[in-house]
Amino acid sequence: MSEYLLEMKQIVKKFPGTLALNHVDFNLKSGEVMALIGENGAGKSTLMNVLMGVLKPEEGEVYLQGTKIEIKSPYEALQHGIGMVPQELNLVTELSIAENIYLGCHQKTNGIFDWKKTAQNAQVILKKLKVDIDPREKVKNITAAFQELVSIARTLVFGSNIIILDEPTASLTIQEKDHLFEVVRMLKSEGKTIVIITHHLDEVKELSDRVTIMRDGTLVKVCQTDEVTTDEMIFYMANQKVEKNKIIKRNVSDEIVLEARGLTRKGEFEDVSFQVRKGEIFGVAGLVGAGRTELFSCIYGLTKSHSGSLYLNGKEVVMKSPVDAIANGIGLVPEERRKQGMFALLSIYENVMMPSYHTISSKGVINFDEAKKRTNRQIDAMRIKTPSCNTQIKNLSGGNQQKVILGRWMEKNVDILILDEPTRGIDVRAKGEIYRLIREMADNGVTVIVISSEMDELISVSDRIMVMHEGLVKGFMEPSEDMVGEEILKVALK
Amino acid sequence: MENTKKNTGASGVLKSILTSTAGMVFIVTVVITLIVHLITRNFYTAYNIGTFMRSSSFTILIGFAQTLVLLLGGIDLSVASMAGLSSMIFAMLVTLAGINPFLAIIISVAAGFVMGAINGIFICALKLTPFIVTLGTSAIYKGIIYVATKGIPLTGIPKEVTVIGQGSLFGVIPYPFVIMAVVAVILSLVLRFTSFGRHIYAVGGNETASRIVGIRADRVKMLVYSLTGMLSAMAGVLMVLRLGASQVNIGEDWVMPSITAGVLGGTAMDGGSGGMVGTIVGGLLMSAISFSISLMGISSYWNEIITGAVVLIAVSLDAIRRMKQGK
Amino acid sequence: MENTKKNTGASGVLKSILTSTAGMVFIVTVVITLIVHLITRNFYTAYNIGTFMRSSSFTILIGFAQTLVLLLGGIDLSVASMAGLSSMIFAMLVTLAGINPFLAIIISVAAGFVMGAINGIFICALKLTPFIVTLGTSAIYKGIIYVATKGIPLTGIPKEVTVIGQGSLFGVIPYPFVIMAVVAVILSLVLRFTSFGRHIYAVGGNETASRIVGIRADRVKMLVYSLTGMLSAMAGVLMVLRLGASQVNIGEDWVMPSITAGVLGGTAMDGGSGGMVGTIVGGLLMSAISFSISLMGISSYWNEIITGAVVLIAVSLDAIRRMKQGK
Amino acid sequence: AETEETVDTAEAAEPSESEDLVLGDYKPQKTEYNFYFTYKLVHAWWDAVGLGLEDAVQQYKDQGIDIKYEYVAPVAPDAIDQVNRLEEAAGRNFDVIGVDVNDIDIVTPTINNLIDQGHKIMTFSSSDATKEDGCERIAYVGNTHNYQDGYDLAEILAEKIGKKGQVAALGGTIGAPCHEDRIKGFEDCMAQYPDIEVVEIQYDNDSVEQALTYTEGFLQKYPDLKGIFCNNMSNPIGAAQAVVDAGKDGDITLVGMDHDLRALEYLRDGTISALGVQDCYKMGFDTIQVAIMIADGLEPGDDTYPEQTEEQTTIVYPEDAQAMIDKLYPDSK
Ligand SMILES: Nc1ncnc2c1ncn2[C@@H]1O[C@H](COP(=O)(O)OP(=O)(O)OP(=O)(O)O)[C@@H](O)[C@H]1O
Ligand SMILES: Nc1ncnc2c1ncn2[C@@H]1O[C@H](COP(=O)(O)OP(=O)(O)OP(=O)(O)O)[C@@H](O)[C@H]1O
Ligand SMILES: [Mg+2]
Ligand SMILES: [Mg+2]
């Protein structure tokens, strides 16, 4: 018997233009929580996809309890007791929550699909995660955050020995995170082995026994979690020192650019009023289901408000569609990158320039040299990891895709930029860069609205935070050096 | 199917009729037939209902075949050719080889299954677009009919089996309708209550997601395409039994109606939602239109216009209803 | 289109031919015609190439119409009917109303634009499935032809315009081919270099995302469906000019070939990728098949089988190539 | 609604030599009749038949006899559709149901079935199903000599090319009885001439475009081709066009069927050498008369009406073409 439950040896995976995995070794001990970390594009998801049989490696071997195995499909992986919650939301949206949870292992009575049992059992599992939602609802009717929770609930029924969680916490708020961690600990106590991929190093510290660190498709370090400090981890990942985020007191003008008065959309948010000033970084906090996404979708013209009014620079405006919003100098980086943000089949430069084409066209003909030049500027500014600006965006790692979408509005020179979960899935160094970019934009007079479930992020980047809960504004806060996330939570729940 | 699960009482059923695409289409169908009956006094007569049920059964059956594939997000342009080739095989076995007709039915339906499986192999193993694969195999299956029969019809199907296509249960309900109903019940139950059925929705709704939870998507697809072949074969053979002879172009025009029946019944063409009950309703509407045109003695020149207009009106009414409900 | 942009040199072009679906299909086409030429000594003759170019132009033109819609992730089953109705309008204007034939061409092509716009309105305003909308309007447009002409052909199109359909540039390149080539260049440039063109890819690839970046998706769609109507009308009118008369069933069988040309050329049916060059190649393959069958004097009974088989072989070869490249 | 439609249609296609046709001596027993006629497909050929029907109905009207009738068909030929139509019609109490048999084997059982139920079924216009086919229909009014028409046209073609050389044929739709019969007649005729070689027979599916493509192929492969035999209303047009396009009119002899305007124009211009034109008008005219006798309960016989009529096919040559165009298509130029 080997010391390890699972061993991956010398795995090589190539994509056109990228060596995603360069002779990587990875191993798991029975009953441990292994953190897998690395910057965006380091190859974490690729490695796990190889393990799951989603991707076929060019070279390398996998051993389970000392015996060599071949995994050609997720079905075979599951047969070997390996299950995964993928990074991108991957639910069957036309089906109910309950059915999604039990998709791979239907609840049956006498060989017949038991709808009642499925719903009941799903309810129990959702309770464990403290999610209060009707399991018979179709997944397409719930928001991204809830979908994430459903994906996690699904791991609990896998019955797998090895459970891989690829960035499970990216869109969760403190509370859900805590629930998730409880679940992980519970699973561990049941003897399960867990791999968790995350960009939150505090989570690594809190949860994991060992940590595997990757950089640029190679393995750089495997060790006990308590043998490394957070700063060391960052150093291994980035191969350089990364500055801590500091709270910076900024001076903001008094000029009000955006004002909502009693904005209401029934069932989503009610009587929302706030004012945002020019050049301000305006944070919006709340727990999952607070209605932040809905509020700003409405302001952006994606939905219609039922009552209340919106003022831009003192003038009342009605946004009938995003076209109006953009014409008024507003941009939006949506929450669900893949579904709402990117044009998967198109190149990076097209994704960046799509809303700006008319600005670089003459007589309707687009100047593509200019488009690429500007895109390359964004690629450099945000350090997007890609072979070139011609690469299809779908071939980038999740974090890099997010940077491309951000670059779209940076290029567009908007007056007001709404960022819904802008750093979801983004690594520590890139996060710092995005914060820097946000501040830079704000210093140049752009008003930035940051919706985030990461309280620390809001505290460090915002000039002011609006706290929402269940569709209502619960208060406004000014962040300070010693402020902690729990304070915001208190305001939300008061 | 999907819509009814939350509503169990009678009022729930009523509500789900009023709030589903299939329901709207059903209402349009009933209204049309009532109007035609009021004008001609001829729709709701025992004789007429009998022939109506009989002729609609074929569209509906082939609609079932297509709906299965639509649920996967695929399409099968070869349903008509598979129906034709299977029916030819059946007729040849009976008239030329002298095989027991019931055995011949089984063999030819199995042949349909194989034809569907061939579609499935191309689609799954080579990851080809269903449209182009089934277009190709459709031409091949149809070509085989031409080559094998040289266009000459095969007659002499024995009465012992033609009664299945021509007779009626208790002299009232035509057997093809009975068969269609039985198939509908079986398929609905399979779709609703078996892993295979649920996996069809999962694969059709999100193939990547279904693979990651260990659903063998290719196996599901293979089986679905094969079943589609089998159901098409059933419809084809049944048509031979109904006509008492096999002809080169049996079912030739079934492809578009099969898709239309499914779509009118609320099955989405991009997969993952819909069901057999809707297809029945869609098939009934289409049969009702052509029946009504014929009953009203409307000029052949106007046929197409009226058919097109009714289909458009039905789906538009449904769209307006959905918009009002703010979905 | 898409694939070539990275490779500018000659070797790049070659490589992109070898690594794209359209390239593979092109190779198959060339191989077929060479084989047929070796056997019959008859493919690569001036006369034959002339007629080949002429007849393939129609499939390709209607393929362009369809490709535009496919890029959006839609489908247009009414291309044939729009072609037919526009060509009837043209013939009526010229033969019955005695309008200047060049003016009549413009009017009838504009009529095609309007027909396409009607499709667009249903699809955008009511958010209906393109399949069902165009199926319905297709029946209506076709019905109008029947009602208006009663099936009687309209003859007597003046020679001054029939030369467009029947003559050749420098006596070598048939005018329909020239027109097709011009349209191809224009469409490719529009798709590649204008915002409208890029917006088609954006909307086809991800409609939600395209709305968020401020693209007026409905406007793009409306314009695309209208252009599709216009291009269909062009093909229809050109067919009248080629035949010198209008008949009820002009272009009747164009729907499936139009889709096949697009798909064989590598345009995805779920939108967002593909282009006009591929459609030319796809249309050429299909014309080459039917031409080869005719040149080889293959019995009509075998037609379908061979057509189906060649299409399947072409796409399968492409699939195998793609797999080898590990995509 | 139907009857009015047919009237309009009819105006375009005037009868050949038949405008002086008058009703027979038979005195109908009733003053009101109700007929149902279904034919193969919506097509100009049947419009000419419809004209004959309508004229007979008008002439009866002048005698105070009111005849209602439906004259319907699908847009594309379809035997199953025809069976459905017959069954639907049977539910609606017509005095007589007439059918232009799409497919003998498919439709015969339905006809017999309806006869057993007491319906009066006749066949008309282009295709019959006879007693030998096992069909019990009461009578047939229409063309019975497809084979002979094919044979006669082939004979003309053979004469014209000096009974030697290569010929090809276009065969319409695979499995369509009238098309297959004419091809059979053609083949049998050509078999007599040892110096004539039948190089190819292709089925064009009744599509002008397809006929055009096939003919282009013929011209290409057989530079010495002497003649092309066409067997329906649409393939002479495609063949003629290809021949003209290739600049070979005059070199190649074309014969074909029916009275399509374009075919007649090609005939006039000499591209086509002969067309077999059936007297559709008379078929329609006689169909009504026979239907009335059937409705009155008369059996076929020497003193009533024939069990199967012989309608004429006239061979038309280039010199007759313009007169025919003027008669049939008065609106054209
Ligand atoms: N399908 C693909 N085609 C081409 N390149 C790919 C593909 N998938 C991933 N890559 C590349 O492989 C590298 C590793 O990607 P991977 O998704 O594994 O990164 P990651 O570590 O999970 O990053 P993140 O934290 O952003 O999720 C990246 O450079 C990415 O661009
Ligand atoms: N406990 C709950 N159960 C079910 N639905 C809820 C619950 N709480 C809120 N919702 C719904 O969720 C919607 C808010 O969704 P959403 O999660 O997008 O808010 P958010 O503040 O943007 O959160 P996040 O951005 O973290 O997803 C509301 O419309 C509400 O109907
Ligand atoms: Mg990842
Ligand atoms: Mg949100």
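Here B:ASP270 does not fit the description of being closer than 21 Å to B:GLY112 by Cα, assigned to a loop (DSSP other than H, G, I, E, B) and not hydrophobic (A, V, I, L, M, F, W, C). Select from region A:409-421 the residues that are modelled with pLDDT under 90 and within 14 Å of chain C (Cβ to nearest Cβ) and write down the one among them that is nearest to ligand 4 (Cβ to nearest atom). If we take residues in region A:409-421 being modelled with pLDDT under 90 and within 14 Å of chain C (Cβ to nearest Cβ), then A:TRP409 is nearest to ligand 4 (Cβ to nearest atom).
Reported count of residues in region D:39-57, each being in contact with an Asp or Glu (Cβ under 6 Å, 6 or more places away or on another chain) and closer than 15 Å to B:SER299 by Cβ, is 1.
Condition check ((1) under 30 Å from D:ILE121 (Cβ atoms); (2) outside any helix (DSSP H, G or I)) across all residues:
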{"site": "D:LEU264", "(1), (2)": "no, no"}
{"site": "D:GLY270", "(1), (2)": "no, yes"}
{"site": "D:ASP286", "(1), (2)": "yes, no"}
{"site": "D:ILE294", "(1), (2)": "yes, no"}
{"site": "D:GLY301", "(1), (2)": "yes, yes"}
{"site": "D:GLN322", "(1), (2)": "no, no"}
{"site": "D:ILE325", "(1), (2)": "no, no"}
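State whether the residues of region A:8-29 include one that is within 14 Å of chain B (Cβ to nearest Cβ), farther than 25 Å from A:GLY399 by Cβ and away from ligand 2 (no atom under 16 Å from the Cβ). Looking through region A:8-29, none of the residues is within 14 Å of chain B (Cβ to nearest Cβ), farther than 25 Å from A:GLY399 by Cβ and away from ligand 2 (no atom under 16 Å from the Cβ).
Checked against (1) under 24 Å from A:GLY83 (Cα atoms); (2) open to solvent by 70 Å² or more (accessible area, probe 1.4 Å), A:GLU243 passes all but a single condition, namely (1). Scanning region A:401-425 for residues that are within 16 Å of ligand 1 (Cβ to nearest atom) and polar (S, T, N, Q) turns up A:GLN401, A:GLN402, A:THR423.
For D:GLN312, the stated conditions do not hold, so it cannot be described as modelled with pLDDT of 85 or more and of a type in the set (S, T, N, Q). Once region A:114-142 is narrowed to residues that are open to solvent by less than 50 Å² (accessible area, probe 1.4 Å) and away from chain B (no Cβ under 13 Å), the residue that is farthest from ligand 1 (Cβ to nearest atom) is A:ASN121.
Within region A:286-311, track down each residue that is open to solvent by less than 40 Å² (accessible area, probe 1.4 Å) and either within 16 Å of ligand 1 (Cβ to nearest atom) or part of a helix (DSSP H, G or I) (or both). Selection gives A:ARG292, A:THR293, A:LEU295, A:PHE296, A:SER297, A:CYS298, A:ILE299.
Looking across A:ILE360, A:ILE426, one residue alone is out of contact with any Asp or Glu (no Cβ under 7 Å at 6 or more places or on another chain) and at pLDDT below 90. It is A:ILE426.
Being under 19 Å from the mean Cα position of the chain (by Cα), open to solvent by 20 Å² or more (accessible area, probe 1.4 Å) and within 19 Å of B:GLU252 (Cβ to Cβ) is a property that holds for B:LEU135. Scanning region A:27-61 for residues that are away from ligand 1 (no atom under 16 Å from the Cβ) and touching a Lys or Arg at 6+ places or on another chain (Cβ under 7 Å) gives A:GLY31, A:GLU32, A:VAL33, A:GLU61.
Just one of the listed residues (A:GLY279, A:GLY191) is open to solvent by less than 20 Å² (accessible area, probe 1.4 Å), in a loop (DSSP other than H, G, I, E, B) and either away from ligand 2 (no atom under 16 Å from the Cβ) or within 14 Å of chain B (Cβ to nearest Cβ) (or both), and it is A:GLY279. Hey, B:ILE215 hits all of (1) within 14 Å of chain A (Cβ to nearest Cβ); (2) assigned to a helix (DSSP H, G or I); (3) hydrophobic (A, V, I, L, M, F, W, C) but one; which does it fall short on? Only one criterion is unmet by B:ILE215, namely (2).
In region C:304-327, the residues that are at the interface with another protein chain (Cβ under 7 Å from one of its Cβ atoms) form Cβ pairs under 7 Å with partners that are outside any helix (DSSP H, G or I) and surrounded by fewer than 17 Cβ atoms within 10 Å (Cβ to Cβ), at six or more places apart or across chains, as follows: C:ALA319/B:LYS127.
The rows are residues; the columns are (1) within 14 Å of chain C (Cβ to nearest Cβ); (2) over 14 Å from B:LEU68 (Cβ atoms); (3) at pLDDT 90 or above.
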site: B:SER246; (1), (2), (3): no, yes, no
site: B:GLY251; (1), (2), (3): no, yes, no
site: B:SER273; (1), (2), (3): yes, no, no
site: B:LEU285; (1), (2), (3): yes, yes, yes
site: B:SER292; (1), (2), (3): no, yes, no
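Answer yes or no: is there a residue in region D:47-69 that is among the hydrophobic types (A, V, I, L, M, F, W, C) and over 30 Å from D:ASP326 (Cβ atoms). The answer is yes, given that some residue of region D:47-69 is among the hydrophobic types (A, V, I, L, M, F, W, C) and over 30 Å from D:ASP326 (Cβ atoms). Note on region A:19-113: enclosed strands (runs of 3 or more DSSP E) holding 3 or more residues that are without any contact (Cβ under 8 Å) to a residue 24 or more places away in the chain are A:67-69. One residue stands out in region D:155-186 among those that are under 18 Å from D:LEU275 (Cα atoms) and surrounded by fewer than 18 Cβ atoms within 10 Å (Cβ to Cβ): the one that is nearest to the other protein chains (Cβ to nearest Cβ), namely D:LYS184.
Results for (1) out of contact with any Phe, Trp or Tyr (no Cβ under 7 Å at 6 or more places or on another chain); (2) open to solvent by less than 10 Å² (accessible area, probe 1.4 Å), shown as yes or no for each residue.
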residue	(1), (2)
B:TYR225	yes, yes
B:GLY229	no, yes
B:SER232	yes, yes
B:GLY236	yes, yes
B:LEU243	yes, yes
B:GLU252	yes, no
B:ALA261	yes, yes
B:ALA268	yes, no
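A:PHE158 satisfies every condition listed in (1) under 20 Å from B:GLY205 (Cβ atoms); (2) touching a residue at least 40 places away in the same chain (Cβ under 8 Å); (3) of a type in the set (A, V, I, L, M, F, W, C); (4) in contact with a Ser or Thr (Cβ under 7 Å, 6 or more places away or on another chain) except (4). Would region A:423-440 turn up any residue that is open to solvent by less than 10 Å² (accessible area, probe 1.4 Å), within 14 Å of chain C (Cβ to nearest Cβ) and away from ligand 3 (no atom under 16 Å from the Cβ)? The answer is no, given that none of the residues of region A:423-440 is open to solvent by less than 10 Å² (accessible area, probe 1.4 Å), within 14 Å of chain C (Cβ to nearest Cβ) and away from ligand 3 (no atom under 16 Å from the Cβ). Does at least one position in region A:381-391 carry a residue that is of a type in the set (Gly, Ala, Ser), assigned to a loop (DSSP other than H, G, I, E, B), open to solvent by 10 Å² or more (accessible area, probe 1.4 Å) and away from ligand 1 (no atom under 16 Å from the Cβ)? Scanning region A:381-391, I find no residue that is of a type in the set (Gly, Ala, Ser), assigned to a loop (DSSP other than H, G, I, E, B), open to solvent by 10 Å² or more (accessible area, probe 1.4 Å) and away from ligand 1 (no atom under 16 Å from the Cβ), so the answer is no. Return yes when A:GLY66 is at pLDDT 90 or above and in contact with an Asp or Glu (Cβ under 9 Å, 6 or more places away or on another chain) and no when it is not. Spelling it out, it is not the case that A:GLY66 is at pLDDT 90 or above and in contact with an Asp or Glu (Cβ under 9 Å, 6 or more places away or on another chain). Evaluating A:ILE71 against the criteria (1) near ligand 1 (Cβ under 10 Å from one of its atoms); (2) of a type in the set (A, V, I, L, M, F, W, C); (3) open to solvent by 10 Å² or more (accessible area, probe 1.4 Å) leaves one unmet condition, (1). From the set of residues in region D:285-325 that are among the charged types (D, E, K, R) and surrounded by 13 or more Cβ atoms within 10 Å (Cβ to Cβ), which is nearest to the other protein chains (Cβ to nearest Cβ)? Applying the filter and picking the extreme gives D:ASP320.
The values are calculated or read from the model by the stated rules, or taken from the named source; none is laboratory data. Quick caveat: nothing in here was measured; it's all calculated off a predicted structure. No Cβ is skipped: glycine too gets one built from the backbone with ideal geometry, and neighbour counts run over all protein chains shown. Areas reflect the complete protein model, heavy atoms only, side chains present, ligands, DNA and RNA absent. Shrake-Rupley method; radii C 1.70, N 1.55, O 1.52, S 1.80 Å.
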